[in-house]
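Inspection log for the structure reproduced underneath, given as structure tokens.
The values are calculated or read from the model by the stated rules, or taken from the named source; none is laboratory data. All of these numbers come straight from a predicted model, not from anything done at the bench. With ideal geometry, Cβ positions are generated from the backbone for all residues, glycine too; neighbour counts draw on all protein chains shown.
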Amino acid sequence: MGPMRAAALFVGDLAEQGLMEQVSEVQVELYGSLALTGEGHGTPGAVIYGLLGLEAESLNLAVDYIGRVRSSGQLLLGGRQAIDFCPEQHIILRKEVTLPEHANGMQMTALSRMGELLYSEVFFSIGGGAVRRRREMDTQAAPACSAVPYEFRTCAELMELCKRENITIAGAVRCNEGSLRPMQLVTHRIRHLCNTMSAAIDRGVATHGTLPGGLKLARRAPIIYSRLEKLFHANKTDALTIIDWINLWAFAVAEENAAGGRVVTAPTMGSAGVLPAVLRYYERYGHKESPFSYETGREVFMLTASAICSLYRANASISGAEVGCQGEVGVACSMAAAGLAAAMGGTNAQIENAAEIAMEHNLGLTCDPICGLVQVPCIERNAIGAVKAVNATRLALRGDGSHYVSLDSVIATMYETGRNLHSGYKETALAGLATNALTC
């Protein structure tokens, strides 16, 4: 998502500066983690999508855009300016170079027919599809927005304003969103996200085959589903079967992501299976005990999860290349636990407790994908994260909301831990399982 958006921004800059018609060549250089795991993450393809002027939500996955570029040797820049383009020649992986600002760096350069430099810009993919230009890297992660009624940067500030205004966390976020766009649109977008997550589960459960990449990993979701269905029809089950279903739903979405399918960055693509699995758990089981209607409960879940994510983005990171997988699956687990606790009618204190428990037991989680693919251990890790989120919620709801460790302190610890991790354990595929388990 990040490299795709960066490429689209670059094309937009060219158009804004009136340079499009002069462009004859575009060179893209990927640095650090983007280069080391780029091929396994589909980064070169994402760059091509962005240069073509395509957007993720409207992308027609049935069309082989990249194949067209390869076979023709041309790319329609921004959908209008034809340039010669060979992915292997024009997208360069600088695996030996990491830019000082962030591990996920990329530089794009446009040249004229005479080889003259027209425009060049450095972008950084900072996690969850968010992108910054080099000159923006010294700004705060979450700049204050004066247009919203409830500003907060820390969980302590969020809890205080909720207490003062006698509102829930979801209520505060809903008011903020409603101040920026019509409330009807807010509701529509939340439902669209929920439906997109649900569709990813359903596709993943129904799709057989092998995932792309050197591991030749078989999809497990349809196999797990088939076995669960047989047990159900044979009336054979046990008290922990619900965990099997949570695992299945997380597997389904994580495998869709690994195959390049449409998923929701929640908060990242590598952790995209956690929230959908926990949300499906709520829809299938939890809402029966919830004080909210089905649709209201889903909205409360998503609004609360987004508030928790904003705290991590403001005070730490959601980039595996910066802080390891604790910033991806760990944050997703924390978001999902908070969302579920809220949807189940938990107090603000219980919601904070759920989010804190979930992250506290993901501290130090490394990002060491084998062969640079978002498959092993990433797919299973989504399932473990989803189950852990449900357990964190249950622990929090069995208490009165009081807890010794604050969410703010856990977030600070996560960031500190991530900064101190060896670079090999931060989405570089240079250490850990990536070097000790298998090779491609």
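A quick yes/no check of all residues on (1) within 27 Å of MET344 (Cβ to Cβ); (2) in the same structural domain as GLY261 (by TED's automatic domain parsing); (3) crowded, with 18+ Cβ neighbours inside 10 Å:
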| site | (1), (2), (3) |
| --- | --- |
| ALA172 | yes, yes, yes |
| SER179 | no, yes, no |
| CYS194 | yes, yes, yes |
| GLY213 | no, yes, yes |
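What are the residue pairs meeting all of these: first residue in the stretch 401-414, first residue of a type outside the set (D, E, K, R), second residue surrounded by fewer than 19 Cβ atoms within 10 Å (Cβ to Cβ) and in a loop (DSSP other than H, G, I, E, B), Cβ atoms under 9 Å, and 6 or more apart or on different chains?
The qualifying pairs are GLY401/THR347; LEU407/THR154; VAL410/LEU363; ILE411/THR154; THR413/LEU363; THR413/VAL405; MET414/LEU363; MET414/GLY364.
Against the definition (surrounded by fewer than 24 Cβ atoms within 10 Å (Cβ to Cβ), within 16 Å of SER334 (Cα to Cα), modelled with pLDDT of 95 or more and among the β-branched types (Val, Ile, Thr)), how does THR296 come out, yes or no? Quick ask: steps written out before the conclusion?
Values: surrounded by fewer than 24 Cβ atoms within 10 Å (Cβ to Cβ): yes; within 16 Å of SER334 (Cα to Cα): no; modelled with pLDDT of 95 or more: yes; among the β-branched types (Val, Ile, Thr): yes.
When the stated conditions are applied, THR296 does not pass them.
Name the single residue that is surrounded by the fewest Cβ atoms within 10 Å (Cβ to Cβ) among those in the stretch 254-275 being under 12 Å from the mean Cα position of the chain (by Cα) and assigned to a helix (DSSP H, G or I).
The residue in question is ASN257.
Test each condition in (1) under 30 Å from ASN353 (Cβ atoms); (2) in contact (Cβ under 8 Å) with a residue 24 or more places away in the chain for GLU121 and report the one that comes out false.
(1)
Say whether the condition of being surrounded by fewer than 24 Cβ atoms within 10 Å (Cβ to Cβ) and within 21 Å of the chain's Cα centre (by Cα) is met by at least one residue in the stretch 340-360.
yes
With the requirement that a residue be part of a loop (DSSP other than H, G, I, E, B) and either closer than 20 Å to GLY73 by Cβ or not acidic (Asp, Glu) (or both), what does the stretch 34-56 give you?
THR37, GLY42, LEU52, GLY53, LEU54, ALA56
Please determine, by comparing only the residues of the stretch 361-380 that are touching a Ser or Thr at 6+ places or on another chain (Cβ under 9 Å) and farther than 15 Å from GLY432 by Cα, which one is surrounded by the fewest Cβ atoms within 10 Å (Cβ to Cβ).
Here the residue is LEU363.
State yes or no: is ALA218 in the same structural domain as ALA343 (by TED's automatic domain parsing), modelled with pLDDT of 95 or more, loosely packed, with under 13 Cβ neighbours inside 10 Å and under 14 Å from ILE379 (Cα atoms)?
yes
When you scan the stretch 72-86, do you find a residue that is part of a helix (DSSP H, G or I), in contact with a helix residue (DSSP H, G or I) (Cβ under 9 Å, 6 or more places away or on another chain) and either surrounded by fewer than 22 Cβ atoms within 10 Å (Cβ to Cβ) or modelled with pLDDT of 95 or more (or both), even just one?
Of all residues in the stretch 72-86, those part of a helix (DSSP H, G or I) come to 72.
When the remaining residues are screened for being in contact with a helix residue (DSSP H, G or I) (Cβ under 9 Å, 6 or more places away or on another chain), the result is none.
No.
Has the stretch 12-26 got at least one residue that is under 13 Å from LEU93 (Cβ atoms) and in a helix (DSSP H, G or I)? Reasoning before the result, please.
First, pick out the residues of the stretch 12-26 that are under 13 Å from LEU93 (Cβ atoms): none.
Scanning the stretch 12-26 turns up no residue that is under 13 Å from LEU93 (Cβ atoms) and in a helix (DSSP H, G or I).
Which condition number in (1) touching a Leu at 6+ places or on another chain (Cβ under 8 Å); (2) modelled with pLDDT under 95 is the one that GLU136 fails?
(1)
Restricted to the stretch 37-87, and to residues that are polar (S, T, N, Q) and touching a residue at least 60 places away in the same chain (Cβ under 8 Å), which residue is nearest to MET20 (Cα to Cα)?
This residue is GLN81.
Just wondering, is there one or more residues in the stretch 130-137 that are in contact (Cβ under 8 Å) with a residue 40 or more places away in the chain and part of a loop (DSSP other than H, G, I, E, B)?
Scanning the stretch 130-137, I find no residue that is in contact (Cβ under 8 Å) with a residue 40 or more places away in the chain and part of a loop (DSSP other than H, G, I, E, B), so the answer is no.
Between ILE246, ILE167, which is closer than 30 Å to ALA314 by Cα, part of a loop (DSSP other than H, G, I, E, B), at pLDDT 95 or above and not assigned by TED's automatic domain parsing to the domain that holds GLN107?
Matching residue, one of ILE246, ILE167: ILE167.
Given the structure, is LEU14 at pLDDT below 95 and in the same structural domain as ILE126 (by TED's automatic domain parsing)? Talk me through it step by step, then tell me what you get.
Values: at pLDDT below 95: no; in the same structural domain as ILE126 (by TED's automatic domain parsing): yes.
It is false that LEU14 is at pLDDT below 95 and in the same structural domain as ILE126 (by TED's automatic domain parsing).
So, ALA434, is that one surrounded by 23 or more Cβ atoms within 10 Å (Cβ to Cβ), within 25 Å of ASN166 (Cβ to Cβ) and either in contact with an Asp or Glu (Cβ under 8 Å, 6 or more places away or on another chain) or not β-branched (Val, Ile, Thr) (or both) or not?
Against the criterion (surrounded by 23 or more Cβ atoms within 10 Å (Cβ to Cβ), within 25 Å of ASN166 (Cβ to Cβ) and either in contact with an Asp or Glu (Cβ under 8 Å, 6 or more places away or on another chain) or not β-branched (Val, Ile, Thr) (or both)), ALA434 does not qualify.
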